[in-house]
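As structure tokens, the structure follows; a few thoughts come after it.
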Amino acid sequence: MSDTDDLVVRADDGRPVIDFDHHSAAYRDHWQDTAARFHATGSPIAWSEHHGGFWVTASWEAVQRVAEDWETFTSVNDLGGAENGGRGQLIPQAPYRLYLGESDPPFHTERRRLEAPFFTPKALRKWGPLAQGYLDEALDALAGRDRAELIDDILVPATARTTLHILGYDADDWQDAAAAAHAGSYRLPDQPGYPHEEQARMRANFREALVQRGENPTGDIISALANGTVQGEPLGLDAGESMMNALVFGGFDTTVSLAASALIHLAQHPDEAERVRTDQAYRKNAVEELLRYFPPAAGIARTAVRDTELLGQPIARGERVYMWLAGANRDPLKFPDPAVLDLGRANARDHVAFSAGHHRCLGSPLAKVELDHILATVLTRLPGLRIDPGAVVGYPDIGGVRGFIEVPVTFSPDTATAGV
């Protein structure tokens with residue numbers, strides 16, 4: 001990203017061009033400033049030459065339109081070239097297909113309905129106490145200590161076990177899944193420590209579980225996927241495994257990321273932390289504003305399947321559009337003073353941290369329940385919580401998930417009190 005005022009320039013063909021690479025260190029370190037400058041242009045849409053070229057928009061309104069208009073902007077990852085030419089949700093394009101996320105209606109609708117019953121308000125009334133129990137167990141293990149690693153000791157074990165239990169997987173066998181989802185988010189496949197073995201075991205175990213539940217269903221998500229049909233045909237092992245992977249990855253790092261971001265902020269603002277801890281209504285709205293301000297996901301892509309326009313800018317068939325969710329959460333036309341973290345913000349819940357349209361994250365209600373429990377419980381059971389921002393180690397690349405590798409915390413050595 002340029003540090004000059006020329007954030008957006010005009011190419012010879014007249015199109016606006018921006019030096020935007022969400023996988024760069026410059027993006028990681030300066031995305032908030034880039035969003036503010038992009039919005040200040042008055043028309044936050046421009047072409048990026050990175051990763052084969054794509055349009056990026058930070059307009060909240062444009063993100064809503066792209067997310068809702070699947071007939072123009074497809075999610076399909078047409079790796080075989082036999083469908084509509086879509087290049088999926090990720091930039092750069094993924095060499096594998098995410099069967100739920102990278103599909104359009106009617107396939108997306110029918111696949112999504114297999115999981116939907118497990119995230120209804122009725123289901124959440126059961127999952128809330130479950131999440132609380134796993135969180136309490138993680139905190140119980142800290143009894144008598146005055147320091148811990150927020151990610152590895154508390155957040156990952158609690159969220160991993162909750163997600164796997166809801167999936168129908170053995171919640172105590174969470175280590176491989178947690179490593180695959182966490183370390184696999186910030187290490188590249190050719191780097192030391194990339195969880196190749198853990199991912200291989202997880203994929204094999206998921207497929208085995210699908211086969212077993214196909215023969216002996218037990219009323220969980222795995223059983224629903226193993227016995228589900230789409231357009232009158234069995235969902236299949238490939239799609240079932242892909243959807244299980246999506247639940248695991250979506251259920252771990254996004255919730256962990258937001259919880260860590262929130263606690264790092266609140267540890268520096270004890271008055272806000274106390275109100276969040278004690279005022280449930282305020283805490284629920286605070287979760288929404290924290291999601292707006294610290295969005296776990298940077299953005300998501302679509303491919304235009306016909307010539308169209310967006311914010312007055314012509315978009316050609318086959319061109320990709322990156323819905324910059326983090327940037328849209330800083331749109332001043334939607335959120336006044338967007339650079340201000342206001343835990344009482346009236347329209348905080350309008351954020352697009354969980355995307356929008358028919359692909360809005362199915363598990364977002366569960367994530368909010370978990371976040372509510374984490375904030376209330378950690379702030380209660382770890383009195384005197386202190387986090388040195390200088391000791392926090394974030395992901396080197398936040399183009400996928402804005403996560404943390406290390407968040408050391410200290411607190412008064414009195415963690416034996418159970419519950420909230």
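Some notes on this structure:
- Qualifying GluC sites (Glu not before Pro) in region 44-108, DSSP loop, other Cβ atoms within 10 Å at most 10: 71
- Full extension of the chain segment joining residue 30 with residue 227 gains 66.3 nm, where the gain is 0.36 nm per residue of separation less the Cα-Cα distance.
- Dividing the helix sum by the residues of the chain, where each DSSP H run of 4 or more adds -39500 (n - 2.57), gives a mean residue ellipticity at 222 nm of -14000 deg cm²/dmol.
- With a simple spin-label model that places each label point 7 Å from the Cα along the Cα-to-Cβ direction, the separation between residue 68 and residue 358 comes to 1.4 nm.
- Each label was represented as a point 7 Å from its Cα along the Cα-to-Cβ direction; for residue 41 and residue 170 these points are 5.3 nm apart.
- Separation in nanometres of the label points that stand 7 Å from Cα toward Cβ, at residue 269 and residue 94: 3.4 nm
- At q = 0.13 Å⁻¹, base-10 log of I(q)/I(0) for the chain (Debye sum, equal scatterers on each alpha carbon): -1.19
- Ranked 27, 134, 96, criterion: other C-beta atoms within 10 Å, fewest first: 96, 27, 134
- Candidate aspartates and glutamates - alpha carbon under 17 Å from residue 284, same-chain residues fewer than 8 apart omitted: 271, 272, 274, 342, 350, 370, 372
Read-outs: derived from the displayed coordinates by stated rules, not from any lab. Not measured: the values here are computed from a predicted model. Don't worry about glycine lacking a Cβ; one is built from the backbone with ideal geometry, like all the others, and counts go over all protein chains shown.
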